[in-house]
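Worksheet for the structure shown next.
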Amino acid sequence: MANTDYDVLIVGGGLGGMYAIHKLRGMGMKVRAFEAGYDVGGTWFWNRYPGCRCDVESLEYSYSFDPKLEQDWSWEERYGTQAQILEYAKHVADRFDLRKDITFNTRVKAAVFDDKANTWTLTTDQGESFTAPYCIMAAGNLSTPRVPDFPGLKNFKGKTYHTGLWPHEGVDFSGLRVAVIGTGSSGVQMIPHIARQAKTLTVFQRTANFILPAENRPMDRAVEAKHKSEYRDRRVAAFDTPFGIAGYPPPTKSALEATPEEREAAYEKKWQEGGSISFLYSYTDLLLNKEANDTAVEFVHRKIKSIVKDPETAELLCPKDHPIGTKRLVLDTDYYPVFNMPHVKLVNARKAPIQELTEHGLRTTEAEYEFDAIVFATGFDAMTGALAEIDVRTTAGNVLKEKWAGGPLTYLGRMVSGFPNMFIITGPGSPGVKSQMILAIEQHMDFIAGCLQHMQSHQQRRVEADAAAERDWVRHVNEVADSTLYPLANSWYVGANIPGKPRVFMPYVGGVHNYKKRCDQVAANNYEGFKLSA
Ligand code: N01
């Protein structure tokens, strides 16, 4: 028998699910969330690899819904560590008593909409079922860790790890011969820490990434006090920016209008400041014009070559196959200097792909290596992976896996036509992953809450994205992406890291400012593009 005590069921107890609980409870709704981990925190609960921290500054990366929470919490560093962000999530859970509405250690396996009753029934891996009128997917965009399907995976006798499933007791690599496969954000953050412990470290790089200095440092309390005194205005101003982060004056000039000397000075200043938004804000057209972008690429190549002493390694570390900023920029502390350490080696896994894992290590097309431990920093089945693991369907015969077989289709990243009463937080087709994620979570959830309130006051019980509105939105998302350089990169934004995944540009890169305006308009026009009915 399904438990029918609830108004809304929520998948996920990360930062999205947590805010959903708080918001809906405030509207008098009965909610239940399901979380696979044993506590809150989502991404920050699972990704405990050494060096893990956020690449958005800690004063920005936090909830805005409670001004007192903003004032009471204090961050230790310019960029929050995984440990402190997890502490923050736990603090929020305690402060707002969120855990009482979360069932932990539980995965949702199936979600079925009853087209006649207008209810969702969620079935968990614990064999329980829950039924409610609405369902909110807050399952995360980078929550399905992926280890490539290397032959021989089971044969390896040493230890294997994935950054997204890191052991909670930590790992001591002292004295070990370690391999790291992958040089995205996770690999780059972790590699300097492992290099400090391991006997030898071999990094398998398939694609060189653009890596900028984070310039992390302990929190300057004067900066923090000023920021806190301006929080309300800054939170509002953030919605007027492309990435949902205020405080960076937008560029006014094309890179091609500047002289080489001016460009050099501008890029150098940004390099010293640290951070990715600041660097991309050097000029107006870095993400729009290849020639403009090339000027920044050339600057970063020179930087790499000035840090890494071995010319062959330095050359290999210079990204050449995608424009800067079209894959998620990586922020580092001590990454490039690692390759000057005698016990660290970089292997070109593009020229010599990994063929198989062996009993004692791995074999590429060129050589065989022996390791005590292999770390997969190989990323996630991004944006659609978490929902693909749930059997989402309706009694009218719609199956989400089938609908999304050619890539995700959504209206505003919020709903999928044919799947009434199911909302997604920071879904594909929204700027979520291209923005300050917590701001996105709050904006999406506030929109959903507004919609539910509207429905309540109009005695409506069913809401669904209109198929034509969905088609138009997907077209718009693609047009915007195609007007930028983003599609030129083989990134997880297009699913390129998952063999066989359809190549579709998934996030909306028109900016938080444009997206927010559009959502506000939709709400003001009685949820235009959504079909609401009794
Ligand atoms: O994953 P990735 P990630 N052989 O997909 C390589 C967020 N995040 O966990 O590029 C060899 O970026 C793959 O190579 P290629 C952030 O949004 C944020 O690092 O596909 N290599 C790539 O180098 C980030 O973008 C933070 O050619 C293989 C790597 O594995 C997102 O999470 C910190 C391979 C995967 O990189 C994902 O980052 C961490 C193979 N068979 C993560 N298969 C911060 O806030 C894959 N690779 C700082």
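Any read-out appearing in this document is the output of simple, stated calculations on the displayed coordinates, not a laboratory observation. Quick caveat: nothing in here was measured; it's all calculated off a predicted structure. Here the Cβ positions follow ideal geometry from the backbone for every residue, glycine too, while neighbour counts run over all protein chains shown.
Numbers at a glance
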| item | result |
| --- | --- |
| Considering only the chain, percent of DSSP beta bridges that pair antiparallel, nearest 5 | 40 |
| Rh by Kirkwood over Cα pairs, then Stokes-Einstein D for the stretch 389-438 at 1.306 mPa s and 10 °C, µm²/s | 136 |
| Computed label-point distance, nm, for sites L256 and R217 using a 7 Å Cα→Cβ extension | 3.7 |
| Estimated FRET transfer efficiency when R0 is 35 angstrom, pair S533-K290 (beta carbons, to 0.05) | 0.15 |
| Extension gain from A524 to R475, taking 0.36 nm per residue of separation minus the Cα-Cα distance | 15.4 nm |
| Using a Förster distance of 30 Å, the FRET efficiency for R232-E273 (Cβ separation, nearest 0.05) | 0.75 |
| Footprinting exposure proxy for H322, H343, H513 (fewest neighbouring C-beta atoms within 10 Å first) | H343, H513, H322 |
| Lys, Arg +1 and Asp, Glu -1 on Cβ, resulting dipole of the chain about Cα centre, debye, nearest 20 | 500 |
| Theoretical gain in end-to-end length, S129 to L69 [0.36 nm per residue, Cα-Cα removed] | 18.1 nm |
| FRET E, pair H458, K159, Förster distance 60 Å, beta-carbon r, rounded to 0.05 | 0.55 |
| Cα-only Debye scattering, the stretch 153-299: base-10 log of I(q)/I(0) at q = 0.14 Å⁻¹ | -0.93 |
| Share of Cα-Cα pairs in the chain lying beyond 37 Å, as whole percent | 31 |
| Label-point gap, in nm, between K517 and D114 - each point 7 angstrom along Cα→Cβ | 4.4 |
| Charged-residue dipole, Cβ positions (Lys, Arg, Asp, Glu), the stretch 66-169 about Cα centre, Debye nearest 20 | 520 |
| Inter-site label distance for A2 and L488 at 7 Å from Cα along Cβ, in nm | 4.9 |
| Stretchable slack from D149 to T395, in nm (0.36 nm times residue separation minus alpha-carbon distance) | 85.1 nm |
| Within the chain, helix-based [θ] at 222 nm, where runs of 4 or more DSSP H residues each add -39,500 (n - 2.57), nearest 500 | -9500 deg cm²/dmol |
